[in-house]
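First up is the structure itself, then whatever we jot down about it.
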Amino acid sequence: MKYIVDVSGRRLTVELDGTEVRVDGALVSASLETVPGTPVRLLRVGDTVHRVVARRDGARGAYRVGVDGWQFSTDALDARTRAIRDLAAASQAASGPAPLVAPMPGLVVRVLAEVGAEVAAGQALVVVEAMKMENELRASAAARITAVHAVAGTAVEKGMVLVELAAL
């Protein structure tokens, strides 16, 4: 069975096959024994014995592990579950306000945004003329302006980033 284990920001691949243990591809001589009547396990790695206590810590695969008196937060999942969680995390939308982009090709008429300014949700930032109509482009959320790419009198294409925003 293959597990992906995150310990203190480091990711390890652990493969268990009968009596063989591989950690990141390296064969390791290891065994685990229970101490009857206690939550303690004795982990033998080579000639060294470690005292280990592991307790579930919330979500599936999360554990709080004590090894020889040291405490670690770990996340140990089978390879399939880890891949699913990684894909789900990668597909989540970025947090914070979205940048202001041109919804259509047009001409920038006015720029109402200044770098460093704090804006409220719905506040007009740029005015773009398209098809003989002026369109006020507004902030989608309260934010701080980090960059202004729009310049009055210049043409813009659909999807062009006009103003970059950061969360307050």
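Below, the figures for the structure above:
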| quantity | calculated |
| --- | --- |
| Likely footprinting exposure, Ser31, Ser73, fewest C-beta neighbours within 10 Å first | Ser31, Ser73 |
| Summed residue charge, Cβ within 9 Å of Glu33's Cβ, Lys/Arg positive, Asp/Glu negative | +2 |
| Region 15-32 - phi-based ³J(HN,Hα) in whole Hz, Karplus 6.51/-1.76/1.60, Gly and Pro as x | 10, 10, 9, x, 9, 8, 10, 10, 10, 6, x, 8, 5, 10, 7, 8, 8, 10 |
| Residue-averaged 222 nm ellipticity for the chain, from DSSP H runs of 4+ at -39500 (n - 2.57), nearest 500 | -2500 deg cm²/dmol |
| Cα-based shape type of region 55-168, given that a ≥ b ≥ c are square roots of the gyration tensor eigenvalues and the cut on a/c is 1.5 | prolate |
| Extension gain (nm, one decimal) between Leu168 and Val35, 0.36 nm per residue minus Cα-Cα | 42.6 nm |
| GluC sites (Glu not before Pro), loop per DSSP, at most 14 other Cβ atoms within 10 Å - longest free stretch of the chain | 1-113 |
| Residues Thr74, Thr146 arranged by fewest to most Cβ contacts within 10 Å | Thr146, Thr74 |
| Pair Glu129, Arg144: separation of 7 Å Cα→Cβ label points (nm) | 3.5 nm |
| Whole-number percent relative contact order across the chain, with pairs defined as alpha carbons under 8 Å at least 6 apart | 16 percent |
| Cα gyration tensor shape for region 100-166, rounded if a/c is under 1.5, else prolate or oblate | prolate |
| For region 46-64 versus region 131-163, the gap between their alpha-carbon centres in whole angstrom | 52 Å |
| Sequence of Ser29, Ser91 once ranked by neighbouring C-beta atoms within 10 Å, starting from the fewest | Ser91, Ser29 |
| Gain upon complete extension [Ala79, Glu20; 0.36 nm per residue less C-alpha separation] | 19.5 nm |
| Folded to 0 to 90 degrees: helix 79-91 orientation relative to the chain principal axis, Cα | 20 degrees |
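Just so you know, all these numbers are worked out from the coordinates, no wet-lab data involved. Everything numeric here is computed off the predicted structure, so don't read it as measured data. Neighbour counts are summed over all protein chains in view; Cβ atoms, including those assigned to glycine, are modelled from backbone coordinates with ideal geometry.
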